[in-house]
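*Asks:* My questions will all concern the structure given below.
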């Protein structure tokens, strides 16, 4: 290969280096979240997106540019999570579409592919906003075209494009006032720069690998209603601050094929790189996993490369306020799961027999309409199922489902037309992407940004109505609901002139942060007061899994007394991170 071209082997190597560099910096990118809420996940979403593509790139046997382009494009497209992940996948899609017919890439080819990448990404976003990853991408593309006109070698070209991308990133706060006030650059733009930085390092012969030394950032403990007493025997005297990895994560992999000893060991090494307290039991059909980690999604993502997942369970150990937390007990519990493992194998065998017998039955009649929603929390899931949802995708703020997750959920619904409710603004793009990919049934996205909105939309659904009228009615119903949420701040910042300190309680509605305080119920009352107007008739509150019945009863009493002319309803939502979700209609 000459010094100014890229062949297939080099393309594979530099892409993987870029992906690894993004992964190594994901926690830093997460911390650039403008709002100080405990769900800043841009780095995680972008990493999961690019790592799905990286897995496909690694599996390419006949390494040529066409096959690599297909792997990068399809892998990132199906693995895309969150708005940042979807935009990144669209950048890759446009870039790969431009290079797929080449045997090697010259600087002009790269510059043209950058431009097509930006055009594709801008078209994928309904209302592109400057000061974001799109701005950084466009700056990179413009500089690439400018440099292509010069007589440059490949490495100086790449270094100059990276340098300019960093300068554009530094200017994003000037384009988005909210970034300037928070004192951060755009997190998605930072992620894109990290990918490019990893590529440049690879071109210099310094390929980036996944770093085992990258410190996992432990989420800051959230304030509770009362002080928690962890005193007891010496083995139980462990506070939440002592827990390095917050989420006890368990699942079973139904293997596509039996794993070799080497593959099992590699999987274990990966899980230990993102967590501890690992127990991993494997046989020819199943792998049973128990691990403590701060990123359950990463464990699931790697596991999905081996087969389908069942019996997934995530417990936030820092939220078990009324129980003594013992890591030793957790490890012992995990090591006693052999019996459960054997039991599940028996259940799977029985399930196979049931499926064989069911295959002889007449096929179930296809419905006209089906429904898919994204939700987290046992109470929320039950409410949505009662409303008629056919399939609930587990996810939300802390774990945005991928495009592929949504496609799989749609495929699971036996209906000609499937309505999908993202229930989060950061999932809408992935849902739209899934709808554009799905070919065997019509997928209609109802762009709900909260679960209360999807509940209101389902009330507007008419089983006898036509698809267009139902879509219009449900979308119109979204605007009849005001939604709010109460959570805690994870850092000091200033938003819209409001000073916020780490540990403060925040009330956030559709327009932003509306109440800040030290007490959860008082802050919730302030938030609701901002949401209620003369046209309001119903206040509905969904309690999170950190809220006791006593505390929710207190809030219910305060609301009933203050708004005695309105109807007030309380439901157990069981959602994590958010003490209360509120809707006002």
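*Asks:* Could you calculate the contour length gain from residue 181 to residue 558, that is, 0.36 nm times the residue separation minus the distance between their Cα atoms, to one decimal place in nm?
*Replies:* Working: separation 377, 0.36 × 377 = 135.72 nm, distance 3.48 nm.
Here the answer is 132.2 nm.
*Asks:* Still on this structure, please answer the following. Which value in nm describes the separation of the simple spin-label points at residue 159 and residue 256, placed 7 Å from the Cα toward the beta carbon?
*Replies:* Taking the simple label geometry, residue 159 and residue 256 are separated by 4.1 nm.
*Asks:* Just need the relative contact order of segment 50-154 here, percent rounded to a whole number, with Cα pairs under 8 Å and 6+ apart. Intermediate values should be presented prior to the final figure.
*Replies:* On the way: 130 pairs, mean separation 24.1, N = 105.
Averaging sequence separation for qualifying contacts and normalising by length gives 23 percent for segment 50-154.
*Asks:* OK, next. With an 8 Å Cα cut-off and a minimum separation of 6 or more residues, compute the relative contact order for segment 437-572 in percent.
*Replies:* On the way: 162 pairs, mean separation 19.3, N = 136.
Here the relative contact order equals 14 percent.
*Asks:* Sketch the reach of a paramagnetic label on residue 529 as a point 7 Å from Cα along Cα-to-Cβ, and name the residues of segment 469-513 whose backbone nitrogen lies under 15 Å away.
*Replies:* Once the point is set 7 Å along Cα→Cβ of residue 529, 507-508 turn out to lie under 15 Å by backbone N, inside segment 469-513.
*Asks:* When a/c is below 1.5 the answer is rounded, else prolate if a/b is larger than b/c, else oblate, so apply that to segment 367-478 with a ≥ b ≥ c taken from the square roots of the Cα gyration tensor eigenvalues.
*Replies:* Numbers: a/c = 1.42, a/b = 1.11, b/c = 1.28.
It comes out rounded by the Cα gyration axes.
*Asks:* Turning to a different aspect of this structure: Evaluate E = 1/(1 + (r/R0)^6) for residue 550 and residue 394, where r is the Cβ-Cβ distance and R0 equals 35 Å; express this FRET efficiency to the nearest 0.05.
*Replies:* 0.75
*Asks:* Under the classification rounded if a/c is under 1.5, otherwise prolate if a/b is larger than b/c and oblate if not, where does segment 55-159 fall, given a ≥ b ≥ c as square roots of the Cα gyration tensor eigenvalues? Don't jump to the answer; show the numbers that get you there.
*Replies:* Values: a/c = 2.16, a/b = 1.02, b/c = 2.11.
Oblate.
*Asks:* Only counting other Cβ atoms within 10 Å, I'd like 571, 501 sorted with the fewest neighbours first. All intermediate terms of the calculation are to be shown ahead of the outcome.
*Replies:* Details: 571 16, 501 12.
Listed from fewest to most nearby Cβ atoms, that is 501, 571.
*Asks:* Here's a follow-up. Please work out whether segment 142-186 counts as rounded, prolate or oblate from its C-alpha gyration tensor, where a ≥ b ≥ c are the square roots of the eigenvalues and a/c under 1.5 means rounded, while otherwise a/b larger than b/c means prolate and anything else oblate? Don't jump to the answer; show the numbers that get you there.
*Replies:* On the way: a/c = 6.36, a/b = 3.12, b/c = 2.04.
Cα axes put segment 142-186 in the prolate bin.
*Asks:* State the extension gain, in nm to one decimal, for the chain segment bounded by residue 502 and residue 468, taking 0.36 nm per residue of separation less the distance between their alpha-carbons.
*Replies:* On the way: separation 34, 0.36 × 34 = 12.24 nm, distance 4.65 nm.
Difference between extended and current length: 7.6 nm.
*Asks:* Just subtract the alpha-carbon distance of residue 276 and residue 9 from 0.36 nm times their residue separation and send over the number in nm, one decimal. Provide the component values of the computation, followed by the final result.
*Replies:* On the way: separation 267, 0.36 × 267 = 96.12 nm, distance 3.55 nm.
Length difference between fully extended and current span is 92.6 nm.
*Asks:* Next up: If we count other beta carbons within 10 Å of each Cβ, what is the order of 402, 436, fewest first?
*Replies:* Values: 402 31, 436 13.
Result, fewest neighbours first: 436, 402.
*Asks:* Further question on the same structure: Which of the peptides 21-31, 167-177 is most tightly packed, and how do the rest follow, judged by the mean count of other Cβ atoms within 10 Å per residue?
*Replies:* Details: 21-31: 21.9, 167-177: 16.5.
Taking the mean over residues of other Cβ atoms within 10 Å, the ranking is 21-31, 167-177.
*Asks:* Based only on other Cβ atoms within 10 Å, what is the fewest-to-most ordering of 506, 312, 387?
*Replies:* Numbers: 506 23, 312 15, 387 18.
Arranged by neighbour count, lowest to highest, 506, 312, 387 become 312, 387, 506.
*Asks:* Can I ask one more? Express the Stokes-Einstein translational diffusion coefficient of segment 5-203 in µm² s⁻¹, to the nearest whole number, given a Kirkwood radius over alpha-carbon pairs, 10 °C and a viscosity of 1.306 mPa s. Kindly include the intermediate steps, with their values, before the conclusion.
*Replies:* Values: Rh = 16.5 Å.
It comes out at roughly 96 µm²/s.
*Asks:* To the nearest 0.05, how large is the calculated FRET efficiency for residue 127 and residue 442 if R₀ is 22 Å and r is the Cβ-Cβ distance?
*Replies:* Working: r = 25 Å, r/R0 = 1.12.
Efficiency at R0 = 22 Å is approximately 0.35.
*Asks:* Report, largest value first, the span of the C-alpha coordinates of segment 483-584 along each principal axis, in whole Å.
*Replies:* The principal-axis extents, from largest down, are 37, 30, 19 Å.
*Asks:* If you average the sequence gap of Cα pairs under 8 Å that are 6 or more apart and divide by the length of segment 79-123, what percent do you get for the contact order? Mind dumping the intermediate values first?
*Replies:* Numbers: 37 pairs, mean separation 20.9, N = 45.
Across segment 79-123, relative contact order equals 46 percent.
Quick note: the coordinates plus some simple rules give every number you see, no bench work behind them. What you see is a predicted model, and the numbers here were worked out from it, not measured in a lab. Note that each Cβ is placed from the backbone with ideal geometry, even for glycine, and that neighbours are counted across all protein chains shown.
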